[in-house]
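The values are calculated or read from the model by the stated rules, or taken from the named source; none is laboratory data. No experiment lies behind these values; they were computed from the predicted model shown. As a convention, Cβ positions derive from the backbone with ideal geometry for all residues, glycine included, and neighbour counts pool all protein chains shown. The protein model used for the area step is the full one, side chains on, heavy atoms only, and it has no ligands, DNA or RNA in it. Shrake-Rupley method; radii C 1.70, N 1.55, O 1.52, S 1.80 Å.
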Amino acid sequence: MNMQMSIIWLIILAVMIVVELITMGLTTIWFAGGALIAAILAGLKLPLYVQIIAFVVVSGLLLYFTRPIAMKYFNKSRTKTNVEAMIGKQAIVISEINNIEGTGQVRIGGMEWSARSIELPVIKVGEVVVVEAVEGVKLMVK
């Protein structure tokens, strides 16, 4: 029975690794670690309940303690989305920004965006502004 459990745990380990390789989302690799420990315990002929507890505890500990660190380093090269890339860039006002009337547009990177001012109630056409935030489909500029 313990040899069969070792094989089952190794199959679970392989499935978790394959799923991780397909998704690359750092979601199942932690369970692969738990399955590895459970397979070792099965090889040592420990009872099934010990294997299951070890699987759950090791997977949970790996998930809790190492996932935040891994996400920090693996997400460094993540490409910013179109909107995230706008923050901090300069734009040119192409239609007067008037917060009172709720109007205004800017051009940034060849694209036109609705815009609102963070500081001034009105910004004239031709002014250069900096994108501070994005709210819905509007750039918040100053």
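Every helix of 4 or more DSSP H residues in the chain counts as -39500 (n - 2.57), and over all residues that averages to -15500 deg cm²/dmol at 222 nm.
Within a straight-line Cα-Cα reach of under 26 Å, K72 can be paired with the following lysines, leaving aside sequence neighbours fewer than 8 residues apart in one chain: K80, K89. Computing FRET efficiency as 1/(1 + (r/R0)^6) for E135 and Y64, where r is the C-beta to C-beta distance and R0 is 35 Å, gives about 0.55. Compute the Cα gyration tensor for the chain, then decide on rounded, prolate or oblate, letting a ≥ b ≥ c be the square roots of its eigenvalues: rounded whenever a/c is under 1.5, prolate when a/b is larger than b/c in the other cases, and oblate in all that remain. Taking the square roots of the gyration eigenvalues as a ≥ b ≥ c, the chain is prolate. Taking a straight line from the alpha carbon of K138, these aspartates and glutamates sit under 16 Å away, with near neighbours fewer than eight places off in the same chain left out: E84, E96, E101, E112, E119.
Using a cutoff of 8 angstrom between alpha carbon atoms and counting only pairs six or more residues apart, the relative contact order for the chain works out to 16 percent. The label point for L10 and the one for A85, both projected 7 Å from the Cα toward the Cβ, are 4.7 nm apart. Where the accessible area of the chain is counted over protein heavy atoms with a 1.4 Å probe, how much of it, in %, is carbon and sulfur? Accessible surface attributable to carbon and sulfur in the chain totals 68 percent. Using a simple spin-label model with pseudo-atoms 7 Å out from Cα toward Cβ, I118 and T27 lie 3.5 nm apart.
Placing a pseudo-label 7 Å from each Cα along the Cα-to-Cβ vector at I17 and M3 gives an inter-label distance of 2.2 nm.
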